[in-house]
1. Yes or no: residue 18 loosely packed, with under 14 Cβ neighbours inside 10 Å and under 30 Å from residue 65 (Cα atoms)?
2. Looking at (1) in a helix (DSSP H, G or I); (2) at positive phi, find the lone condition where residue 36 falls short.
3. Of all residues in region 136-170, which are at pLDDT below 90 and either surrounded by 15 or more Cβ atoms within 10 Å (Cβ to Cβ) or within 9 Å of ligand 1 (Cβ to nearest atom) (or both)?
4. Please go through region 1-15 and pick out each residue that is without any contact (Cβ under 8 Å) to a residue 12 or more places away in the chain and within 25 Å of the chain's Cα centre (by Cα).
5. So, in region 118-135, exactly how many residues are within 16 Å of ligand 1 (Cβ to nearest atom) and surrounded by 15 or more Cβ atoms within 10 Å (Cβ to Cβ)?
6. Restricting attention to region 198-209, does a residue exist that is more than 21 Å from residue 73 (Cβ to Cβ), away from ligand 2 (no atom under 15 Å from the Cβ) and modelled with pLDDT under 90?
7. Quick one: would you say residue 85 is in contact with a strand residue (DSSP E or B) (Cβ under 7 Å, 6 or more places away or on another chain), modelled with pLDDT of 95 or more and farther than 22 Å from residue 252 by Cα?
8. Among the residues of region 236-255, write down those that are in a loop (DSSP other than H, G, I, E, B) and without any contact (Cβ under 8 Å) to a residue 12 or more places away in the chain.
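The values are calculated or read from the model by the stated rules, or taken from the named source; none is laboratory data. Fair warning: this is a prediction, and the values are worked out from it, not measured in the lab. FYI the Cβ positions are ideal-geometry reconstructions off the backbone, even for glycines, and counts take in every protein chain you see.
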Ligand SMILES: [Zn+2]
Ligand SMILES: [Zn+2]
């Protein structure tokens, strides 16, 4: 299959995916590797990733529609990692394949989730291997391959072969978002995300979240000379007044209708996150 046909296929908004296209991409990559055409092989790796990112995004959207919020969270995280790997080797800012659009939607969906704390593993890496040449890599020895780069259609990663486990940490802004903390007996409230997903007609609809800050409820009707609601025993005007402490994040979901008329924001809501 011609490269242009694959590019054209990937540039249309679709909700069903033809897996045969993926086979064409992989075949093209194999041929390019055999012919020693490294650029083409690398490009086919990128098109393969783009196909998977688009397909997984539609799956995640469908999971959200079916209210399978936890599975959707894990898939959104995986897509985010794939986009990160792709962005090292492909300019994702061109909106031809919707990749940046998908990344922005992932970040917006993540904001609406009630997850607050995550587990982060702390360990010391003692030895790593390059996935391209299999040689040991470290601060003192480099094999010449760069982590995250493509070589003949394959991604260079550093595979950890030995590490020392140090412990677990509870963090708010993790690198890996999949390990969120499930608190026993605590029902998570997915209400915000449910509101949004019920309103969406298509995975490609234009919407975004605007972040603003508003005053927390307990600070709304406080006189300057009254005791500060934070419990400091100081006067409000000498404590939290006009500081970050009395504010909380407030999200506004905005729908941008492509037909030109702007729908009113569906809802606004606040979070202590
Ligand atoms: Zn190497
Ligand atoms: Zn205060």
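1. Numbers: loosely packed, with under 14 Cβ neighbours inside 10 Å: yes; under 30 Å from residue 65 (Cα atoms): yes.
Taking the combined requirement at face value, the residue satisfies it.
2. Status for residue 36: all satisfied but (1).
3. 142
4. If the condition is that a residue be without any contact (Cβ under 8 Å) to a residue 12 or more places away in the chain and within 25 Å of the chain's Cα centre (by Cα), then 12 is the only one that fits.
5. So the answer is 5.
6. The answer is yes, given that some residue of region 198-209 is more than 21 Å from residue 73 (Cβ to Cβ), away from ligand 2 (no atom under 15 Å from the Cβ) and modelled with pLDDT under 90.
7. Criteria met by residue 85.
8. Of the residues in region 236-255, the ones in a loop (DSSP other than H, G, I, E, B) are 239-243.
If the condition is that a residue be in a loop (DSSP other than H, G, I, E, B) and without any contact (Cβ under 8 Å) to a residue 12 or more places away in the chain, then 239, 242, 243 are the ones that fit.
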